[in-house]
Amino acid sequence: MSEDFVRIFDTTLRDGEQSPGVALTAKAKVTIAEQLARLNVDIIEAGFPAASEGDFAAVKAIAETVRGPVIAGLARCLPGDIEVAAAAVEKAERARIHVFIATSPLHMQAKLRMEPEQVLEQADKMVRLARSYVDDVEFSAEDATRSELDFLIRIATLAVKAGARTINIPDTVGYTTPDEFGAMVAAVRQAVAAIDPGVIVSVHCHNDIGLAVANSLAGVQAGARQVEVAVNGIGERAGNAALEEVVMALTNRRDHYGIATHIVTREIYRTSQMVSRMTGMLVQPNKAVVGLNAFRHEAGIHQDGMLKNRQTYEVLRPEDIGVPESLLVLGKHSGRHALRQRLNDLQLKCTEEELARIQAQVKSLAEIKNEINDADLEAIWADVVLGVHEPDIHLEHWQVSTGNDMRPTAQVSVRIHDRVFEDAGFGDGPVHALFNALRRALDLGDAEMRSYTLSPISPGEDGLATVRVEIAARGLTSRGQGTASDVLAASVEAMTAAMGQLLTRVRGPVVA
Ligand code: KIV
Ligand code: ZN
């Protein structure tokens, strides 16, 4: 008898990447996918290959390099999408094509402009087409929770007969409630199991009213054996069900749910940090499982209880999700060998040239900070290796003058290939002055700072800080981040990265 477990289908790189302002490079996507493989997710939805050439290239790169999980590519029920998805996942160890079509009256009429019978016919043909490329086909009924149950069951059973092995029930707009959703999942499961008991029913819940995790768990209780989630709950609008919350609920309350996942939970914290850093989407401090405060105890009564017995106020143990104990790893005298060893231990890959740049940053940080811990090192690695900078744009020089009786003034000089752009600007504060100087230098007069956040990487006055910005111009938004021990240096780095990305998207690849 085969083992009963809940498959974790991670859609951080597809639905998660659809979060406004997030645009991961192919290299960043492969790095995240490698970490998802270490986390031991069962399926990685690597992207939507037909969406753009960049999406196609990223899915293909993941399929070619990442081993372990099934690699899925999303496709609408259109022949072109399915052909492109098939080509993108072709080299995967185990490939899946995930096809979807909307099934609610509202979506069929207003969006697809198709009659229900046409939707059924299209789904049938497209599942068969996908099956002509791969054995593993998933079918999703978009907006399932606002669909008529009879129609949902008709399309789900038709998809199974056409060859789909997973039937996904998405709560596309975060509309349903746990008991209502549980009943829907149970009904679909009963219908598809009557045709093929081996078919997996899956759930995919959005968080518009904060019920994504509760709804996903209700789905599991009703028999779903795949849950679609994103790390840190990122995704369209209010996001998807958070991987770490679903997994820890199932793990911690195994007594209640009676079913396990294959997730290596001690990799959760690192995965969460990596996704946050690379997408620029901060984890709120009170976020369940992975937030900064998740294991902090403030009230005296709680601290007293914790000292006596941790279980008094902690239902999860930090070590179970891999929260590091701030290991002291390096100081100013640490050599390249120790640095390489620690990076290897942390599974952070880099070339010799990148290692030299990381070492230079470690040394300058060690001038002002005695102890450099794993979090500092990971932040420096991300800064150097993952290119928080637009590769073609380099900040050459910056300078700010400020004081209690002068208007802050900044000068910047930026190089794009061999051309140097420089200008100066005033502002209400030094960051604002730097922003204005960059905006003038790069001729992005309509650029607006949508958000600016500053977060310490490690505690203490002398630690590194990361600045994340979201900048909008010409109707586009992009994010950038910078890490340095000087807040202004981190700010100008973040703004340059975001503006560099905007320039590429507005004008195409920046050329000399
Ligand atoms: O939310 C949704 O309906 C989706 C589908 C494509 C599965 O993301
Ligand atoms: Zn979705």
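Taking label points 7 Å from Cα along the Cα-to-Cβ direction, H333 and E93 give a separation of 4.4 nm.
Could you please state, rounded to a whole Å, how far the C-alpha centre of region 148-211 is from the C-alpha centre of region 336-378? Taking the Cα centre of region 336-378 as reference, the centre of region 148-211 is 47 Å away.
Taking 8 Å as the Cα distance limit and 6 or more residues as the minimum spacing, I'd like the relative contact order of region 393-507 as a percentage.
Working: 266 pairs, mean separation 20.3, N = 115.
Over region 393-507, the number comes to 18 percent.
For the chain, relative contact order (Cα pairs under 8 Å, six or more residues apart, normalised by length) works out to 10 percent.
Exposure proxy ranking for T65, T271, based on other Cβ atoms within 10 angstrom of each Cβ and starting from the fewest, stands as T65, T271.
Per the helix-only calculation at 222 nm, which mean residue ellipticity applies to the chain, given -39500 (n - 2.57) for every DSSP H run of n ≥ 4 and division by its residues, nearest 500 deg cm²/dmol? Numbers along the way, then the final one.
Numbers: 16 runs with 205 residues, N = 512.
Calculated from helices alone, the mean residue ellipticity at 222 nm is -12500 deg cm²/dmol.
Antiparallel beta bridges, as assigned by DSSP with both residues in the chain, represent about 50 percent of the total such bridges. Our summary of shape: the Cα atoms of the chain have principal axis extents of 75, 61, 43 Å, ordered from largest down, in whole angstrom. Measuring from label point to label point, each 7 Å out along Cα→Cβ, what is the D135 to I301 span in nm? In this crude label model, D135 to I301 measures out at 5.9 nm. At full extension, H417 and T351 could sit 21.5 nm farther apart than now, given 0.36 nm per residue minus the alpha carbon distance.
Excluding S491 itself, calculate the net charge of residues whose Cβ lies under 15 Å from the Cβ of S491, where each Lys or Arg counts +1 and each Asp or Glu counts -1.
Charge balance near S491 sits at -1.
S52 to R237: FRET efficiency via 1/(1 + (r/R0)^6), r the Cβ-Cβ distance, R0 22 Å, to the nearest 0.05?
Values: r = 21 Å, r/R0 = 0.95.
After rounding, the FRET efficiency stands at 0.60.
Using a cut-off of 12 Å between beta-carbons, work out the net charge of the residues near D124 (Lys and Arg +1, Asp and Glu -1, D124 not included). Within the 12 Å Cβ shell, the charges total +3. What's the exposure ranking of D124, D376, going from fewest to most Cβ atoms within 10 Å? In increasing order of surrounding Cβ atoms, one gets D124, D376.
Residue order for L292, L24, L434, L316, fewest other beta carbons within 10 angstrom first, comes to L292, L316, L24, L434.
Every read-out reported here was derived from the displayed coordinates using simple, explicitly stated rules and does not represent laboratory data. Keep in mind the model is a prediction, meaning the values are calculated, not measured. Here the Cβ is made from the backbone with ideal geometry for all residues, glycine too, and neighbour counts use every protein chain on show.
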